[in-house]
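Visitor: After the structure tokens below, expect a handful of questions from me.
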Amino acid sequence: MSEHGGTAALHWELLCGDELIALRRAGRFLVADLRSPQRVLCTSVRHGGQVDYLRHLLNHQSCEGTAHHERHRVMTEAGLDAYHDQVCREAMLPAAETAVMGTAANMNYVAIAKEADEGLTVTAAVTAGVQGNATAAGEPAGWRETDVGIQRVPAYAGTINTMLFINRPLTPAALARVVVTMTEGKSVALQRLAVPSRRSTDLATGTGTDQYAIAAPLSGSPPLTSASPHMKLGELVGVVTRQATIEALRWQNGLEASYTRGVFHALGRYGITEPTFFEDIAPFLAETDLELLKKNAKAALYEPLVGAAAHALAAVCDRIRYGTLPHATAPDAMAQHAAMLAANLAAQIHRWAEFRLTLRPHADTDVKSLILRALALGWAEKWRSG
């Protein structure tokens, strides 16, 4: 029995299985037992890279999402190699034959997706969280690895861990290509949910702590040579990764696709956030209008056409930042879409031109101020005749 959890209390539940793998779960642990010799490519601190001797893949909840300093000390003070051994003991697995992934996500939210094509099957098992750690590739990093170790490691809440099982042998090159296609599938999932980066104004492509383990049998039929999206293997890898990532985020973070229509999700990257919204919009609304909005915020700010206009405005703001649109046209483009936001909130689309004229003088200021003015204008005019 481990000092950090009693192994005797583990009661394993079989989630799925075939002649190659068995996926089981107990408490904080999710284990894939490899029932035949398989080539594995993974990010595990120990056994990372491409190996052919592993018999178990272990994903586990290593801590709570935020402020779990005790667990963080366990991992950092003892060292990650020692932590690997401890986790394997807790899950009653041989450390020398087990690849380990850790996350703050709950194992009860694991999402499993499976697709097949003429005898080829690909299965993904994903746990995912993006509320505190979503990033876009190329953003400034929060830490660096030096000769004396890793400096300034923050405890972010969010990781996408992917287990991928393929029932056909792969060449080493094809196995490496799976990583690219799998990553693209994960990024498509985040794109569809419009997941924002927590470090910039961009949409996220992943998190800063994403991990994976991919397994394919060493023998059997002739090995497949390509996981490109042009090939069926690549298609299946992309589909199951996308599906399982979306499903995992639905349970872990409540990112049901329809819920992402709201103004805060669409425009949070531009400063329109729920914790400060009423304080931010107060200068632009009469007191009675503000109080009415507070009582009806969910209905108003999640209204489908309001959400559509909010996402459209965010997309235009992105294009301006990226240089897609000429700088000289930016104020007009922003005013036009801000006016659509106001008109949809007011349920008076016929007043779009009027609202555009009202908002145009403010389109040269910061984006957040323009958005707040548009929302205030639309809400104030909803019960007035134009």
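FYI, it's all coordinate maths here, none of it is from the lab. Fair warning: this is a prediction, and the values are worked out from it, not measured in the lab. Quick reminder, even Gly has a Cβ in these numbers, built from the backbone with ideal geometry, and neighbours come from all protein chains shown.
Visitor: With the contact rule set at Cα under 8 Å and sequence spacing of 6 or more, what percent relative contact order holds for the chain?
Guide: Normalised by residue count, the contact order of the chain is 13 percent.
Visitor: While we're looking at this one, here's another question. Residues with beta-carbon under 14 Å from that of Tyr53, excluding Tyr53: net charge, scoring Lys, Arg +1 and Asp, Glu -1? Write down the numbers at each step before the final one.
Guide: Values: positive: Arg39, Arg46, Arg55; negative: Asp52, Glu97.
Counting the neighbours of Tyr53, the net charge comes to +1.
Visitor: Tell me the relative contact order for the range 149-259 as a rounded percent, counting alpha carbon contacts under 8 Å between residues six or more apart.
Guide: Here the relative contact order equals 37 percent.
Visitor: Just name one of Gly378, Ala308, Pro361: the one whose Cα is farthest towards the positive end of the charge dipole of the range 261-381 (beta-carbon charges, Lys/Arg +1, Asp/Glu -1).
Guide: Ala308
Visitor: Identify which of the listed values of semi-axes √(5λ) of the Cα gyration tensor in Å was calculated from the structure shown: [x] 37, 22, 20; [y] 46, 23, 19; [z] 34, 28, 17.
Guide: [y]
Visitor: Further question: Hey, got the dipole for the range 261-381? About the Cα centre, +1 on K and R Cβ, -1 on D and E Cβ, debye to the nearest 20? If you can, show how the numbers build up before the last one.
Guide: Working: 12 positive and 13 negative charges, 70 e Å.
Roughly 340 debye, rounded to the nearest 20.
Visitor: Using a cut-off of 11 Å between beta-carbons, work out the net charge of the residues near Ile21 (Lys and Arg +1, Asp and Glu -1, Ile21 not included).
Guide: 0
Visitor: In nm, what is the difference between 0.36 nm times the number of residues separating Leu80 and Met92 and their Cα-Cα distance?
Guide: So the extension gain works out to 2.5 nm.
Visitor: Separation of the range 305-333 and the range 187-238 by C-alpha centroid, Å?
Guide: One Cα centre to the other: 29 Å.
Visitor: Sum up the charges of everything whose Cβ sits under 13 Å from the Cβ of Val237, counting Lys and Arg as +1 and Asp and Glu as -1, but leave Val237 out.
Guide: Taking every Cβ under 13 Å from that of Val237, the sum is +2.
Visitor: Mind checking the dipole of the chain: about its Cα centre, +1 per Lys or Arg Cβ, -1 per Asp or Glu Cβ, Debye to the nearest 20?
Guide: It comes to approximately 520 debye.
Visitor: Indicate the gyration tensor shape class of the range 149-271 (rounded, prolate or oblate), computed on the Cα atoms with a ≥ b ≥ c the square roots of the eigenvalues: a/c under 1.5 is rounded; otherwise a/b larger than b/c is prolate and the rest oblate.
Guide: Taking the square roots of the gyration eigenvalues as a ≥ b ≥ c, the range 149-271 is prolate.
Visitor: If you rank Thr183, Thr273, Thr207 by fewest surrounding Cβ atoms within 10 Å, what's the result? Provide the component values of the computation, followed by the final result.
Guide: Working: Thr183 20, Thr273 13, Thr207 27.
Sorted ascending by nearby Cβ count, the order is Thr273, Thr183, Thr207.
Visitor: A further question on this structure: Any chance you could check the Cα centroid distance between the range 258-296 and the range 341-386 for me, in angstrom?
Guide: Answer, in whole Å: 14.
Visitor: Take every Cα pair under 8 Å in the range 215-352 that's 6+ residues apart, average their separations, divide by the length, and report that relative contact order as a whole percent. Provide the component values of the computation, followed by the final result.
Guide: On the way: 89 pairs, mean separation 24.9, N = 138.
18 percent.
Visitor: Let me confirm the definition first: pairs of Lys residues in the chain, 8 or more apart or on different chains, C-alpha distance under 21 Å. How many are there?
Guide: Summing the qualifying lysine pairs gives 8.
Visitor: Give me Ser36, Ser197 sorted ascending by neighbouring Cβ count inside 10 Å, so fewest comes first. The partial results should precede the final answer.
Guide: Values: Ser36 13, Ser197 21.
Sorted ascending by nearby Cβ count, the order is Ser36, Ser197.
Visitor: Going by alpha carbons, how many degrees (0 to 90, nearest 10) lie between the helix axis of 172-192 and the longest principal axis of the chain?
Guide: The angle comes out near 30 degrees.
Visitor: Moving on to the next point. Based on DSSP H runs of at least 4 residues, each adding -39500 (n - 2.57), what is the mean residue ellipticity at 222 nm of the chain after dividing by all its residues, to the nearest 500 deg cm²/dmol?
Guide: After summing the helix terms and dividing by residue count, I get -12000 deg cm²/dmol.
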